[in-house]
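What follows is a single structure, written as structure tokens, with notes after it.
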Amino acid sequence: MGQSNTHKRPWLAALLSAVAMGLGQLYLRRWRRAVGWLVVLIGVDIMFIDQTAVTGAQNGEFVAILSLLPVPIVGALCVFDAYVLAHATNIVKEHPAPAATEHPPCPNCGKELDPELTFCHWCSTEIEWGRETKLDQIPEKQDSP
């Protein structure tokens, strides 16, 4: 019980974004992205939605569906973004990038060498720095005619 579960559920992120735009991104701890989706929603509302159509829809009047269509499109994109973001976050956490080794491996045991020593402190193989190692001395196969 000592380990916390950092695995994010894509379906939950998508569901939260469907309930309220940006909520799925908040679940994923992507604060700026959540605020960005809210800014996009407000921008689309101001630029593309006729306010008389909004008022008419609030009063129960018949309104052309195309006049309000940009808001559900932005909502669907936000849901898709939350799902893909959660899925990508899980993949990155499951497959971390390999750490770059600063020192070459031992030709005998393959473990990391200490450059200050003239031998491998894991298997006691002598290492001559600056000269070819056993791996470099293996002859390549030559094609015989």
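The values are calculated or read from the model by the stated rules, or taken from the named source; none is laboratory data. Keep in mind the model is a prediction, meaning the values are calculated, not measured. Neighbour counts run over all protein chains shown; Cβ positions are idealised from the backbone, glycine included.
Annotation note: of Pro104, Pro96, the sole residue that is modelled with pLDDT under 85, surrounded by 13 or more Cβ atoms within 10 Å (Cβ to Cβ) and not β-branched (Val, Ile, Thr) is Pro104. Whether a residue is in a helix (DSSP H, G or I), at pLDDT 85 or above, surrounded by 12 or more Cβ atoms within 10 Å (Cβ to Cβ) and not aliphatic (A, V, I, L, M) was assessed, and Thr89 passes this test. From the list Leu26, Leu68, Leu41, the lone residue that is surrounded by 15 or more Cβ atoms within 10 Å (Cβ to Cβ) and under 17 Å from the mean Cα position of the chain (by Cα) is Leu26.
Of these, Ala76, Ala18, which one is surrounded by 15 or more Cβ atoms within 10 Å (Cβ to Cβ) and assigned to a helix (DSSP H, G or I)? After applying the criteria, what remains is Ala18. Answer yes or no: is there a residue in the stretch 90-102 that is under 20 Å from Met21 (Cβ atoms), in the same structural domain as Gly22 (by TED's automatic domain parsing) and of a type outside the set (D, E, K, R). So far as the stretch 90-102 goes, no, none of its residues is under 20 Å from Met21 (Cβ atoms), in the same structural domain as Gly22 (by TED's automatic domain parsing) and of a type outside the set (D, E, K, R).
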